[in-house]
Amino acid sequence: MNTKRRIASIMLYVVAGVALLFGLLYSFSPTLLPYHERALGMTHEQLQPEVTALFLTMMRVIGVSFLSIGVALALLVKGPFGKGDRWAWWIILFMGLICLVPLLFITLNVGLYSPWWVVAILIILEIVALTISRAPSTSK
């Protein structure tokens, strides 16, 4: 693996790792997160049990989705992307476009106190990683 692809791979592993961390947090959190409570204007305890159950179920759906995205990204980087397969580059690009870009708008819609900045950093990391990996090599 060349140096540029190695650097890009490390950056993409960071994106995958953060997706996995958020996936675990959302999958196993027993209560709403503080920014959810702030968006609702209510604490977890103030919600009706049915609303709480529905909200936690939606959090788990989001969590397992992030877990699958994190695992898929890590496997792509470890395998085909690391080997230089061009199709993996495109899959990673579209995974980011389909997942992270809408997520940025969703988190901004929740409020500026949400972790929108984490999503923005992940988008930047992915763009930079994909750009670096496609840059022509300067070695002779």
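Would you mind stating whether LEU108 is within 20 Å of LEU20 (Cβ to Cβ), under 17 Å from the mean Cα position of the chain (by Cα) and either surrounded by 14 or more Cβ atoms within 10 Å (Cβ to Cβ) or without any contact (Cβ under 8 Å) to a residue 12 or more places away in the chain (or both)?
Details: within 20 Å of LEU20 (Cβ to Cβ): no; under 17 Å from the mean Cα position of the chain (by Cα): yes; either surrounded by 14 or more Cβ atoms within 10 Å (Cβ to Cβ) or without any contact (Cβ under 8 Å) to a residue 12 or more places away in the chain (or both): yes.
So LEU108 fails the test.
Does ALA53 satisfy the criteria of being surrounded by 14 or more Cβ atoms within 10 Å (Cβ to Cβ), among the hydrophobic types (A, V, I, L, M, F, W, C) and in a helix (DSSP H, G or I)?
Numbers: surrounded by 14 or more Cβ atoms within 10 Å (Cβ to Cβ): no; among the hydrophobic types (A, V, I, L, M, F, W, C): yes; in a helix (DSSP H, G or I): yes.
Here the answer is no, as ALA53 does not meet what is asked.
Residue check, ALA72 against (1) within 19 Å of the chain's Cα centre (by Cα); (2) closer than 23 Å to ASN109 by Cβ; (3) of a type in the set (Gly, Ala, Ser), all met but one. Which one?
Condition not satisfied by ALA72: (2).
Is it true that some residue in region 29-39 is free of Cβ contacts under 8 Å to residues at least 40 places away in the same chain, among the polar types (S, T, N, Q), more than 25 Å from ALA135 (Cβ to Cβ) and part of a helix (DSSP H, G or I)?
No: region 29-39 contains no residue that is free of Cβ contacts under 8 Å to residues at least 40 places away in the same chain, among the polar types (S, T, N, Q), more than 25 Å from ALA135 (Cβ to Cβ) and part of a helix (DSSP H, G or I).
Quick check on SER133: is it surrounded by 15 or more Cβ atoms within 10 Å (Cβ to Cβ), among the polar types (S, T, N, Q) and closer than 16 Å to LEU73 by Cβ?
Numbers: surrounded by 15 or more Cβ atoms within 10 Å (Cβ to Cβ): yes; among the polar types (S, T, N, Q): yes; closer than 16 Å to LEU73 by Cβ: yes.
Yes, satisfied.
In region 74-86, which residue that is modelled with pLDDT under 95 and part of a helix (DSSP H, G or I) is surrounded by the most Cβ atoms within 10 Å (Cβ to Cβ)? Before you say what the answer is, go through the steps one by one.
Kept after step one, since they are modelled with pLDDT under 95, are these residues of region 74-86: 82-86.
With part of a helix (DSSP H, G or I) added as a condition, the list becomes 82-83, 86.
Working: GLY82: 16, LYS83: 10, ARG86: 10.
Per the criteria, the residue is GLY82.
Can we say LEU67 is in contact (Cβ under 8 Å) with a residue 40 or more places away in the chain, closer than 30 Å to LEU12 by Cβ, in a helix (DSSP H, G or I) and under 18 Å from the mean Cα position of the chain (by Cα)?
Working: in contact (Cβ under 8 Å) with a residue 40 or more places away in the chain: yes; closer than 30 Å to LEU12 by Cβ: yes; in a helix (DSSP H, G or I): yes; under 18 Å from the mean Cα position of the chain (by Cα): yes.
Here the answer is yes, as LEU67 does meet what is asked.
The values are calculated or read from the model by the stated rules, or taken from the named source; none is laboratory data. The structure presented is a predicted model; accordingly, all values stated were derived computationally and were not measured. Cβ coordinates were reconstructed from backbone atoms using ideal geometry, including for glycine residues, and neighbour counts include every protein chain displayed.
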